[in-house]
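Have a look at the structure below before the remarks.
The values are calculated or read from the model by the stated rules, or taken from the named source; none is laboratory data. Source: prediction; values computed, not measured. With ideal geometry, Cβ positions are generated from the backbone for all residues, glycine too; neighbour counts draw on all protein chains shown.
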Amino acid sequence: MGKVELGAKKKKRNKDMKNAVLATVAVAGVIAVAAIAPNAIQLLKTTGMTERLRHRSMSALGRLKAKGEVEFLEMDGKKYARLTARGEKTLAYAQEKLRLQDKKPRRWDRRYRLIIFDIPEKRRKTREHLRLVMRDIGFLRIQDSAWVFPYDCEEFVALLKADLHIGKDVLYAVIEEIENDAVIRRHFGLPKK
């Protein structure tokens with residue numbers, strides 16, 4: 001396995017750990033720091049990651065604190081972790097992303113969701129990150145700054161806009177018809193006209 005593959009695998013593992021720790025803290029509300037590692041391990045058993053999970057979950061907790069997504073409280077001589085408002089937003093974003101990737105409605109409502117953005121050159125990295133996220137979710141690029149998706153994704157787009165601080169630069173539209181949409185229908189496996 002090459003350097004790029006190893007780097008990508010490590011990033012995915014860290015993201016999985018981060019989401020598991022956030023979910024554990026969210027479910028418990030306030031949880032003792034000593035209890036986080038076993039709970040995170042339970043959540044991650046399905047991913048097949050078992051080596052050094054206690055250390056990784058504690059490291060992930062430290063990174064979440066540094067990002068301001070988790071805060072520590074001390075009560076009765078014990079240390080507890082609690083999600084901050086920022087942590088709740090991050091968790092909601094991750095959950096909505098998973099929902100869009102995994103669950104497609106049984107029936108298509110025959111409407112397209114068009115996302116158009118115009119992010120200035122000085123925020124080029126943000127623009128590239130937005131494109132990468134949209135591609136990963138399954139959006140179809142019809143032009144550099146115009147992407148289409150056949151299912152309701154308004155909540156995800158709103159969370160993405162808030163996360164990247166690009167609210168005014170992104171437009172979300174629900175449209176009834178796109179000219180020459182055979183390629184779009186084929187891409188998403190939608191019924192023909």
TODO: Collect the residues in segment 111-129 that are among the hydrophobic types (A, V, I, L, M, F, W, C) and touching an Asp or Glu at 6+ places or on another chain (Cβ under 9 Å), keeping them in residue-number order.
DONE: PHE117, ILE119
Open item on the list: Among the residues in segment 150-161, are any over 14 Å from the mean Cα position of the chain (by Cα) and free of Cβ contacts under 8 Å to residues at least 12 places away in the same chain?
Closed with: no
Task: Hits in segment 180-193 - residues which are modelled with pLDDT of 90 or more and more than 18 Å from ARG106 (Cα to Cα) - done: ASP181, ALA182, VAL183
